[in-house]
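Visitor: Structure in structure tokens, see below.
The values are calculated or read from the model by the stated rules, or taken from the named source; none is laboratory data. Nothing here was measured: the structure is a model prediction, and the numbers come from that model. Neighbour counts are summed over all protein chains in view; Cβ atoms, including those assigned to glycine, are modelled from backbone coordinates with ideal geometry.
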Amino acid sequence: MAFRPPKCSVAAIGNRWERVSTDHNRLLLQIERAMRTINQETLDPVFPELSLADFDPAIAMVARTRAAYLSEFLDIARACDGKLPSGEQIRRLRALRESYEEQIAAAQALETALQREYLSVFSRD
């Protein structure tokens, strides 16, 4: 018996995919609204209204950690004088990198929360 494709028109298939796409978009919008509401209700009460001054200590901390990490790297390179670094030198460098990367991840999470308006902010002029 030969294969026979189902009887339907291209227009019917197009309409079905349009409906599915619309349903998916509607669901995605509902999820986005729910995420915003839940995150606002969870995060906003934990923090008072934030201003740029509230972020300065965190920004400075990340900058100091970056400086320490890069400084250690260059110090190790100078101390090695063309040789491989010791295990202890690598452990110190790794610890600084992990600290720096953790702080960057936290800063990015904060930035995302701000971009998505999970936190209230105001400007102090």
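Visitor: Would you mention how many residues in region 84-125 are surrounded by fewer than 11 Cβ atoms within 10 Å (Cβ to Cβ), among the polar types (S, T, N, Q) and more than 16 Å from residue 59 (Cβ to Cβ)?
Guide: Count: 2.
Visitor: In addition: From the list 75, 81, which one is free of Cβ contacts under 8 Å to residues at least 24 places away in the same chain and surrounded by fewer than 13 Cβ atoms within 10 Å (Cβ to Cβ)?
Guide: That would be 81, the only listed residue that is free of Cβ contacts under 8 Å to residues at least 24 places away in the same chain and surrounded by fewer than 13 Cβ atoms within 10 Å (Cβ to Cβ).
Visitor: Further question: Has region 49-56 got at least one residue that is in a helix (DSSP H, G or I), polar (S, T, N, Q) and within 21 Å of residue 111 (Cα to Cα)?
Guide: no
Visitor: For residue 90, are the conditions met, namely being at pLDDT 95 or above and either touching a helix residue (DSSP H, G or I) at 6+ places or on another chain (Cβ under 6 Å) or more than 30 Å from residue 38 (Cα to Cα) (or both)?
Guide: yes
Visitor: Continuing with this model, one more query. Within region 107-123, track down each residue that is touching a helix residue (DSSP H, G or I) at 6+ places or on another chain (Cβ under 8 Å) and either not basic (Lys, Arg) or not assigned by TED's automatic domain parsing to the domain that holds residue 65 (or both).
Guide: Listed by number, the residues that qualify are 107, 110, 113, 117, 118, 119, 120, 121, 123.
Visitor: Condition first: closer than 17 Å to residue 53 by Cα, of a type outside the set (Val, Ile, Thr) and in contact (Cβ under 8 Å) with a residue 40 or more places away in the chain. Now tell me which residues in region 115-125 satisfy that.
Guide: Selection gives 119, 120, 122, 123, 124.
Visitor: Return the pair list, or none, for Cβ contacts closer than 9 Å from residues in region 45-70 that are farther than 27 Å from residue 92 by Cα to residues that are of a type outside the set (A, V, I, L, M) and assigned to a helix (DSSP H, G or I), at least 6 apart or on different chains.
Guide: 47/54; 48/54
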